[in-house]
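Asker: Structure incoming, see below.
The values are calculated or read from the model by the stated rules, or taken from the named source; none is laboratory data. Please read these numbers as outputs of a predicted model, since none were measured by experiment. Neighbour counts run over all protein chains shown; Cβ positions are idealised from the backbone, glycine included. Note: accessible area is taken over every heavy atom of the protein model, side chains too, but ligands, DNA and RNA are not part of it. Shrake-Rupley method; radii C 1.70, N 1.55, O 1.52, S 1.80 Å.
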Amino acid sequence: MTAGYVLVKKSRPLQGVVDVYGAKNAVLVILTSLILTEGVSVLENVPNNADVRLMMQLLQELGAQVSFDAESKKLTVDTFGICRYEIRPDIMNKMRASILVMGPLLARFGKARVALPGGDLIGQRPINYHLNGFKKMGVTTSRKDPFVEADLSRIPQGPTYTRVVLEYPSVGATENLMMFASIGQGQVAIINAALEPEIFDLIDVLTKMGARIQILPGATILIEGVARLNPITHTIVPDRLEVGALLVSAAITGGNITVANAKPDHLDIFLEKLSDMGHTIITQRVENSWQLAPGITIKAAHRSRATSFKTCPYPGFPTDLQPLMMAALCVAEGISHVEETVYENRMIHTQELAKMGAQIAVNGTKATIRGVEALYGKDVIASDIRASCALALAGLVAFDQTTITGVHHWQRGFDQLEKKLAYLGAPIELIEDHTSGQESLPKIQILPS
Ligand code: EPU
């Protein structure tokens, strides 16, 4: 963790063309999927943020060799030397996504010993769906604090068919179970699976490795286990959440920007809500960018109108864009209603937005926002990655300056987002303070660019 802060001043309307890096939430799981292979894989368009670096460190702890060219965003991982199936609690506790090693370790070693990842401020975030699914697939789990030990000692004789019905389409549980099922003799059907774009990116990776995976009606993912999987080369799917952040930055400042390398079909409902607010959204291909790629242009209205939504699993409104959209609604004309259905406690940012002059009434997981003409810069605290972004976006329409502490959340989730916003004209800076020496940076081999 670093001290430091994000400093934001009131902005003119943002203008220009920017592109986005690969999705953090796709890279994290794809990195764990490499445990299923033995050899050298190459990932392109990998964002250089703290969560991704931590996952690289975790793979190194297991015995992999990792080199990352932070400039070209190219990551090379040699998984040949992976020889451990235990993750130290101090690494597990830093990042919830570390639980995603469990499926691949079970597939590779028949065993996994991992500490519980723990909850966080946005919610309890238990792992019961993961563990129940593993159990259905023949894994025995036991708690030996601080570890969960998982063991596949009852290796099924001959081909089997297992039906795992998820009580809720959990992203992490779908990913973990799918990776585990990819190696083996039987067929596994995951029913009521999550189908987020990051899951499709993982399916793409597993298929390149040689896995046999089909998507069937009823949000069912059918996996037929194979004997072994092979290393791959893969370009990570663009980060729809970074796209969302950039589009809201234009919406909130009344700007006109194009986000290249953005996939509109990953953001349907979010784009519809931006249109409802009076903004013009154009989906197109962009020339003169670093490559020809689909893009999204927003021509923002002078003043947004209120809109209402509730968060849902994909293709619904993404919970990770809820705080950002909330920032925009704080200065929209009229009354908006927002309901959070994914996390029981993802309204903490409303308290900080209220300090800036927003009029928000929260009742449990529901918020009513009465749009105001202006916000006022204050010292505010980020409670998670998306809250840090929401507060920075609110700072772009606030008089004076906004200082956002809890900056490690920003650094966990974004790679130079502040520089992209500044390039579009936003007065925003990330002020880092490494004198606290709190962050223990992983010793990843960083290649010269
Ligand atoms: N849940 C359970 N039991 C489980 C698993 C999940 O009760 O075994 C609950 C969670 O507590 C939560 C809900 O189900 O309330 C959804 O959790 P899910 O498993 O779908 O989420 P996740 O895999 O833990 C990923 C992203 C999150 C994103 C969610 C929802 C990664 C690394 N994280 O988390 O991203 O909010 O899906 O889309 O992929 C972020 O990037 O800021 C972030 C929090």
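Asker: For the range 10-31, enumerate the residues that are open to solvent by 40 Å² or more (accessible area, probe 1.4 Å) and either aliphatic (A, V, I, L, M) or within 16 Å of the ligand (Cβ to nearest atom) (or both).
Answerer: Scanning the range 10-31 gives 17, 21, 25.
Asker: Which numbered condition trips up residue 307, out of (1) open to solvent by less than 20 Å² (accessible area, probe 1.4 Å); (2) on the phi > 0 side of the Ramachandran plot?
Answerer: (2)
Asker: OK, next. For the range 379-394, which positions are buried (at least 24 other Cβ atoms within 10 Å of the Cβ) and not in a helix (DSSP H, G or I)?
Answerer: 380, 382
Asker: For the range 44-100, how many residues meet the condition of being hydroxyl-bearing (Ser, Thr, Tyr), outside any strand (DSSP E or B) and open to solvent by 10 Å² or more (accessible area, probe 1.4 Å)?
Answerer: First pass over the range 44-100, keeping only residues hydroxyl-bearing (Ser, Thr, Tyr): 67, 72, 76, 79, 85, 98.
Then drop every residue that is not outside any strand (DSSP E or B), which leaves 72, 79, 85, 98.
Now drop any that are not open to solvent by 10 Å² or more (accessible area, probe 1.4 Å), which leaves 72, 85.
Selection size over the range 44-100: 2.
Asker: Another question, then. Which residues, counting only those in the range 386-425, are within 14 Å of the ligand (Cβ to nearest atom) and among the basic types (Lys, Arg)?
Answerer: Scanning the range 386-425 gives 386, 412.
Asker: Something else: Consider the range 187-223. How many of its residues are part of a loop (DSSP other than H, G, I, E, B) and of a type in the set (A, V, I, L, M, F, W, C)?
Answerer: Within the range 187-223, residues that are part of a loop (DSSP other than H, G, I, E, B) and of a type in the set (A, V, I, L, M, F, W, C) number 5.
Asker: Scan the range 126-146 residue by residue and report those that are open to solvent by less than 20 Å² (accessible area, probe 1.4 Å) and either away from the ligand (no atom under 13 Å from the Cβ) or of a type outside the set (Phe, Trp, Tyr) (or both).
Answerer: Taking the range 126-146 first, the residues open to solvent by less than 20 Å² (accessible area, probe 1.4 Å) are 127, 130, 133-134, 138-139.
Passing the criteria: 127, 130, 133, 138, 139.
Asker: Moving to a separate point now. Go over the candidates 34, 7 one by one and state the one that is of a type in the set (A, V, I, L, M, F, W, C), open to solvent by 10 Å² or more (accessible area, probe 1.4 Å) and touching a residue at least 60 places away in the same chain (Cβ under 8 Å). Can you show your working first?
Answerer: Values: 34 fails: open to solvent by 10 Å² or more (accessible area, probe 1.4 Å).
Step by step, each of 34, 7 is checked, and only 7 is of a type in the set (A, V, I, L, M, F, W, C), open to solvent by 10 Å² or more (accessible area, probe 1.4 Å) and touching a residue at least 60 places away in the same chain (Cβ under 8 Å).
Asker: Does any residue in the range 348-362 that is in the same structural domain as residue 387 (by TED's automatic domain parsing) come within less than 7 Å, Cβ to Cβ, of a residue that is open to solvent by 60 Å² or more (accessible area, probe 1.4 Å) and in a loop (DSSP other than H, G, I, E, B) six or more places away or on a different chain, and which pairs are these?
Answerer: Qualifying pairs under 7 Å: 348/121; 355/378; 356/378.
Asker: Still on this structure, please answer the following. Would you check which residues across the range 395-417 are polar (S, T, N, Q) and either in a helix (DSSP H, G or I) or outside the structural domain of residue 254 (by TED's automatic domain parsing) (or both) and list them? Full working, then the answer.
Answerer: As a first pass, look at the range 395-417 and keep what is polar (S, T, N, Q): 401-403, 405, 411, 416.
Of everything in the range 395-417, just one residue is polar (S, T, N, Q) and either in a helix (DSSP H, G or I) or outside the structural domain of residue 254 (by TED's automatic domain parsing) (or both), namely 411.
Asker: Moving to a separate point now. Mind checking which residues of the range 184-199 are β-branched (Val, Ile, Thr) and either within 15 Å of the ligand (Cβ to nearest atom) or open to solvent by 40 Å² or more (accessible area, probe 1.4 Å) (or both)?
Answerer: Going residue by residue through the range 184-199, those that are β-branched (Val, Ile, Thr) are 188, 190-191, 199.
Result: 190, 199.
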